[in-house]
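*Asks:* Below is one structure. I have some questions about it.
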Amino acid sequence: MSGPVSLPGDGSAGGRGTGAAVPVEAPAAGPAPARRPRLRALDGLRLLAALMVACYHYGGRGGDITRAWGSSPAHQFPRLSEWFAYGPLGVQIFFVISGFVICMSGWGRSLSAFFASRVSRLMPGYWCAVLLVTAVFALPFVAWDALSPSDTLLNLSLLQMPLGAHRVLGVCWTLWAELRFYALFAVCVVLPGATRQRVVLFCALWTLGAALTDAADSALLEQVLMPSYAPFFVGGIGLYLVHRDRRDTLGWGIAATGLVLGQHYAVADLWHPHTVEAFSYRSTLVIIAVVTFGFAAVAAIAVGWFDWARWRWLTLAGALTYPFYLVHEHLGWVVVHALHVRLGLPAAVTLPATIAGMLLLAWLLHRFVERPLTPVLRKALVGAVRELRTGR
């Protein structure tokens, strides 16, 4: 999960964070909203979504984490594991936030500026995470296998999924979804110039196209239009229209449509019958409730109900979310195994200690990788685009 926020979808690049001033559109497009403070609550919601995903990876599923604990997480957390199993829905919340933030950060920007901001925001932390996980997994005392040098190099391109290669980071599938969303939004909205009418048309056509993709059963259209994830991105875009003008009926309608369609896909992806073979049972009602919470939380932030939340630590929380999301799963296996199996710490101590360790690592990546490299890469990309335009 995006990112992606961001996590996938973080809008801090280019100085246009979640609290950037709302650009004023042409008068015919509707009333301009008053200038609002930074949306720090959106940063906090982003971290909450990342922690949901982390709890799922550490205690709500089987697979490699079972090797790390030495037994099933269901045995380690007999009561909590059934709730941790709803953690993947944090990705859907990420996608709603991403729709909101990308619409905000792309409004009034040129295509080249939008491209430079997205690449410079996502790639430094991602490159470092890929190399770090590969290096740790190559250590002789680590139980998990590293990928081949060829696959590792391919992973640096973020194109490993369409090319069918192995992934260094399990969560990179959400970044691939984010990249496709960025491309669609850039071509259809940013390139011709963002206006309310164009954004509304984009949301309507993407929603209809995604629904038709399901009916057509086309692998190519599935990759381009992403019917399972489109409602969440579109819903977030609708909520950004509401942020610009809370009386925007079409914005509310777009968000409501995203919720209705999104819960359908979330239930289809995550629900399964209650059988003894299944790791956990997910209730349809709880899935719908979590998805609704994600939309409702972003809506509440959009209309200003959380403008009072101005604590500076929320900004730091938002900054740590993306690097935390990148490294927490695979490196978390190593930390869980070291603390629980080798040192014998109980699961109730190992889980929060692992999360704290991954947050500390995320701070180091943010401080010593993202902060110095992001502006350098952005400047280089802007310069490269300028040279391309002038023919130098």
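The values are calculated or read from the model by the stated rules, or taken from the named source; none is laboratory data. These numbers were taken from a predicted model, which means no experiment stands behind them. Here the Cβ positions follow ideal geometry from the backbone for every residue, glycine too, while neighbour counts run over all protein chains shown. Quick note on the areas: whole protein, heavy atoms, side chains included, nothing else; ligands and nucleic acids left out. Shrake-Rupley method; radii C 1.70, N 1.55, O 1.52, S 1.80 Å.
*Asks:* If a paramagnetic tag sat 7 Å from the Cα of ALA143 along the Cα-Cβ line, which residues of the stretch 322-342 would have the backbone N under 14 Å from that point?
*Replies:* Of the residues in the stretch 322-342, 331-342 have backbone N under 14 Å from the label point off ALA143.
*Asks:* Can you figure out the FRET efficiency of GLU387 with LEU159, using R₀ = 25 Å and their beta-carbon distance, to the nearest 0.05?
*Replies:* 0.55
*Asks:* Something else now. If you stretched the chain out fully between VAL224 and ARG312, how much longer would it get, using 0.36 nm times the residue separation minus the C-alpha to C-alpha distance?
*Replies:* Stretched out fully, the VAL224 to ARG312 stretch lengthens by 27.9 nm.
*Asks:* Share of the stretch 292-344's accessible area from carbon and sulfur, percent, 1.4 Å?
*Replies:* Reported share for carbon and sulfur atoms: 71 percent.
*Asks:* Follow-up question, since we're still on this one. Taking a probe of 1.4 Å, how large is the accessible area per residue of the stretch 247-307, in Å²?
*Replies:* 52 Å²
*Asks:* Could you list the chymotrypsin sites (Phe, Trp or Tyr not before Pro) in the stretch 298-392 that lie in coil according to DSSP, counting only those with at most 15 other Cβ atoms within 10 Å of their Cβ?
*Replies:* When the chymotrypsin sites (Phe, Trp or Tyr not before Pro) of the stretch 298-392 are filtered for loop state and at most 15 Cβ neighbours within 10 Å, TRP305, TRP308, TRP311 remain.
*Asks:* Each label point is 7 Å from the Cα along the Cα-to-Cβ direction; what then is the distance between the points at HIS264 and SER72, in nm?
*Replies:* Taking the simple label geometry, HIS264 and SER72 are separated by 3.4 nm.
*Asks:* Once the other residues with Cβ under 13 Å from the Cβ of TRP83 are scored (Lys, Arg +1; Asp, Glu -1), what is the net sum?
*Replies:* That sum, taken over residues with Cβ under 13 Å, equals +2.
*Asks:* Need the C-alpha centroid separation for the stretch 335-369 versus the stretch 137-181, integer Å.
*Replies:* 22 Å
*Asks:* Round to a whole number: what % of the accessible area of the stretch 44-165 belongs to carbon and sulfur, probe 1.4 Å?
*Replies:* Within the stretch 44-165, the accessible surface is 68 percent carbon and sulfur.
*Asks:* Using 0.36 nm per residue of separation minus the Cα-Cα distance, give me the extension gain between ARG342 and ALA380 in nm, one decimal.
*Replies:* Roughly 9.1 nm would be gained on extension.
*Asks:* Kindly list the residues of the stretch 279-293 that lie in the label zone of LEU48, defined by a backbone N under 15 Å from the point 7 Å along the Cα-to-C-beta vector.
*Replies:* Label zone hits: 289-293.
*Asks:* With a 1.4 Å probe and all protein chains left in place, how much accessible area per residue does the stretch 315-363 have, in Å²?
*Replies:* Spelled out: the 1.4 Å probe surface of the stretch 315-363, per residue, equals 35 Å².
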